[in-house]
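The values are calculated or read from the model by the stated rules, or taken from the named source; none is laboratory data. Quick caveat, the model's predicted, so the values are computed rather than measured. Cβ coordinates were reconstructed from backbone atoms using ideal geometry, including for glycine residues, and neighbour counts include every protein chain displayed. The accessibility values were calculated without ligands, DNA or RNA, using every heavy atom of the protein model including side chains. Shrake-Rupley method; radii C 1.70, N 1.55, O 1.52, S 1.80 Å.
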Amino acid sequence: MQLIVAVDKNWAIGNGNKLLVRIPEDQKFFRETTMGHVVVLGRKTLDEFPNGLPLKGRTNIILSRDPDYKVKDGIVVHSEEELFEELKKYDSKDVFVIGGESVYKMLYPYCDTAHVTKIDYSYQADKYFPNLDKDDNWRIAADSDEHTYFDLEYYFYKYINDNPRRF
């Protein structure tokens, strides 16, 4: 299983249930990387998508604690156990965890690859991703040259988890 995330200098990912920033090249990378695959996300993350609808061209698995929650064109699961049962139906290399904070924290130990866009800026934030640089299981396998969007500098990193958990 893989994950994809954009973080700031402090590994922040959001504030007020919104992304910290939208960088067109990062959004293009996200779209191209996840297209045709399975994406796993929480309900609050889905709420931030256009019209609150699942991403087109992908199988969307949405985690919600609300037993009555349903969404058109999405698979809704209500627990970690139900999610793991659903994920067994797919090749793990085709599954991407895309947020938000609680879904990342639950699933990142099970991922073997992380695609991390690091933004060289500190934002006001209330949602964070675990710092992979301080996790002994994760190592950087690849990084990019500096990219810029207006005055923002950012980099694309690929991390590998040498010891992913199994479910």
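So here's what we get for this one:
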| quantity | calculated |
| --- | --- |
| Segment 14-48: trypsin sites (Lys or Arg not before Pro) in DSSP loop, at most 11 other beta carbons within 10 Å | 22 |
| Kirkwood-based Rg to Rh ratio, the chain, C-alpha trace | 0.94 |
| Apportionment of accessible area to carbon and sulfur, the chain, percent (1.4 Å) | 46 percent |
| Highest average packing first - 87-98, 102-113, Cβ atoms within 10 Å | 102-113, 87-98 |
| Gain upon complete extension [residue 94, residue 51; 0.36 nm per residue less C-alpha separation] | 12.9 nm |
| Mean ellipticity per residue at 222 nm, deg cm²/dmol - from DSSP H runs of n ≥ 4 across the chain, formula -39500 (n - 2.57) | -5000 deg cm²/dmol |
| Residues in segment 98-127 that a label on residue 151 would reach, taking backbone N under 18 Å of a point 7 Å out along Cα→Cβ | 119-124 |
| Solvent exposure of the chain as accessible area per residue, Å², 1.4 Å probe | 56 Å² |
| Ranked packing of 115-126, 148-159, most packed first, by mean Cβ within 10 Å | 115-126, 148-159 |
| Chain lengthening between residue 140 and residue 65 when straightened (0.36 nm per residue, less Cα-Cα) | 23.6 nm |
| Alpha-carbon centroids, segment 1-19 and segment 117-157: separation in whole Å | 9 Å |
| Considering only the chain, percent of DSSP beta bridges that pair antiparallel, nearest 5 | 50 percent |
